[in-house]
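Notes follow once the structure below has been shown.
The values are calculated or read from the model by the stated rules, or taken from the named source; none is laboratory data. Bear in mind that the values here come from a model prediction, so they are computed numbers and not experimental data. A quick note on method: Cβ atoms are made from the backbone with ideal geometry, for glycine too, and the neighbour counts reach across all protein chains shown.
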Amino acid sequence: MTGHPWLVCGVAGLSLEAEERALLAELQPGGVILFARNVFSPKQVQELVANLRALPGSPYVAVDLEGGRVNRLRALIGELPAPVSLAKYGEGAARALGEACGAVCAALGINVDLAPVVDVAGTSSFLAEEGRCWGTSVEEVTRLAGAFLEGLESFGVLGCLKHFPGLGSGQVDSHRELPLLGDEVRQHVAAFSQLAAGQRAVMVAHALAPALGEALAPASLSRRLVAMVPKAAGLVLADDVEMGALSGWGGLEERTTAALMAGCDQVLVCNALEARRAVVNYVEFWAQQDQELAATLARTAARVRGFAGRSVREVSWGEALERVREVQKLWRHA
């Protein structure tokens, strides 16, 4: 196996310094995720993305761009409407947001958007309070999130359904605490089945779901729950292992290895940049001890290549901003 396609990691700044470039060339992650710290101007992001894509292994470049509070490209495009604010205006509005996100990503060379949220909003739902859910029923979420995906994918940008099996009944922020999902998750999980496809990834949450038969481990570290991810999904990602929800499951190295042993194809290590090499070394050590883990990692390499090898549409920055203005106008005049 060449490189470490199971790893999706962050990078430090606006450009690749020589030392970080050498590290990434050595580690060969399968994906790199951008944050606000990596964004200054369209030209700068385009150059950074091109340099990342040119690394050995050609990692895909991803970003969190949902609309609303989750908008890592705010410095370039301003505010986008949150899913909750567009939901009442139907599929056309949801598709317009997807087109705006797709056009912006394509113009910058970013080929994966870690969106949309497919969690079905429940009562006292933390995600619903943040405005990130598309609806309160499986039907509403699949219809609107599906329209978002159609808009996104029309620009050649790949999407990611999150957060399996559905955080809609969780009452705490998994960045800080471990959510306990209610019995509703038995129905909410259907949204992922209805939207899963080979050109779409699925992100697995750090949350307990005893209603699905797992009361001991978070979904992302549970072989039982990862096996429930729809087989049609292109990739299975474990959410960022730095999150507080996993504070009781060892260090980043142990968490990453546990997620891969559970069957996740990739693991996100977003901000602990100093840990990238240590995480890789730890996983490599256990892959040498565990034949099943080694076989899982070999399968992952093929799945990552098949998922992220496609090109985005050629889109000018002017056209991308036009799509953004269209959805902003729709939002403001609705």
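Observations, loosely collected:
- Hey, Ala145 in a helix (DSSP H, G or I), hydrophobic (A, V, I, L, M, F, W, C) and over 21 Å from Pro230 (Cα atoms) or not: no
- Among the residues making up segment 197-210, those that are over 14 Å from the mean Cα position of the chain (by Cα) and buried (at least 19 other Cβ atoms within 10 Å of the Cβ) are Ala207, Leu208, Ala209.
- Boolean, Glu91 is crowded, with 20+ Cβ neighbours inside 10 Å, of a type in the set (Asp, Glu), closer than 27 Å to Glu150 by Cβ and in contact (Cβ under 8 Å) with a residue 40 or more places away in the chain: no
- All positions within segment 161-184 that are outside any loop (DSSP other than H, G, I, E, B) and surrounded by 24 or more Cβ atoms within 10 Å (Cβ to Cβ): Leu161, Lys162, His163, Phe164
- For segment 216-239, the tally of residues that are assigned to a loop (DSSP other than H, G, I, E, B), touching a residue at least 60 places away in the same chain (Cβ under 8 Å) and surrounded by 24 or more Cβ atoms within 10 Å (Cβ to Cβ) stands at 3.
- Some residue of segment 310-318 being modelled with pLDDT of 95 or more, under 23 Å from the mean Cα position of the chain (by Cα), aliphatic (A, V, I, L, M) and surrounded by 19 or more Cβ atoms within 10 Å (Cβ to Cβ): yes
- Residues of segment 283-309 satisfying the condition of being loosely packed, with under 14 Cβ neighbours inside 10 Å and hydrophobic (A, V, I, L, M, F, W, C): Phe285, Ala295, Ala298, Ala302
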